[in-house]
Amino acid sequence: MSVPWYEPFGMVPIEAAVCGVPSIVSSVGGHLDTVVDEVTGLLVPPRDPAGLARRLRRLLRGADLRARLGAAGTHQARAYTWESLARTMQTHYQEVRESVAHLVPRIAPSTA
C-alpha cells in the first residue's frame, strides 16, 4: 500500500509486483504509470480513507482478486528491469537521432 498525496514515480508498487503482491495506491503521479486499476492493483483517490478501507476489504476478502492482480503485476513489472529500461532508452535515443539526422551536415571522408 502506498497512498501519498503526491508521488513522482514510486517504487513500492513495482517492488510489490515483482513479488506477486498486488498494491493499493493513491491515484496520483507515477502510480498512474505503474498500476492499472483492477488489472495490476487498485487505485484509490488521495485523501479518501473510506475508499481505501473499501479496497483493503476487497483485497483481504478476495483470494482470486489477489491472485489475478498479483500475476498481472508480476508480468508488468518486467518492463521495469534494468535491461528493459536500457532497451527502451536506447530505442528512444535512436528515434531522436534519426529524426534529426537531416539537420546534421554530412562530411565527406578525407582522401588525403
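Numerical summary
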read-out	value
Hits in region 1-27 (condition: assigned to a strand (DSSP E or B) and in contact with a helix residue (DSSP H, G or I) (Cβ under 8 Å, 6 or more places away or on another chain))	SER2, SER23, ILE24, VAL25
So ARG47, is it basic (Lys, Arg), surrounded by 17 or more Cβ atoms within 10 Å (Cβ to Cβ) and within 19 Å of GLU7 (Cβ to Cβ)	no
Among (1) at pLDDT below 95; (2) surrounded by fewer than 16 Cβ atoms within 10 Å (Cβ to Cβ); (3) assigned to a helix (DSSP H, G or I), the one test that ALA53 misses	(1)
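The values are calculated or read from the model by the stated rules, or taken from the named source; none is laboratory data. The structure presented is a predicted model; accordingly, all values stated were derived computationally and were not measured. FYI the Cβ positions are ideal-geometry reconstructions off the backbone, even for glycines, and counts take in every protein chain you see.
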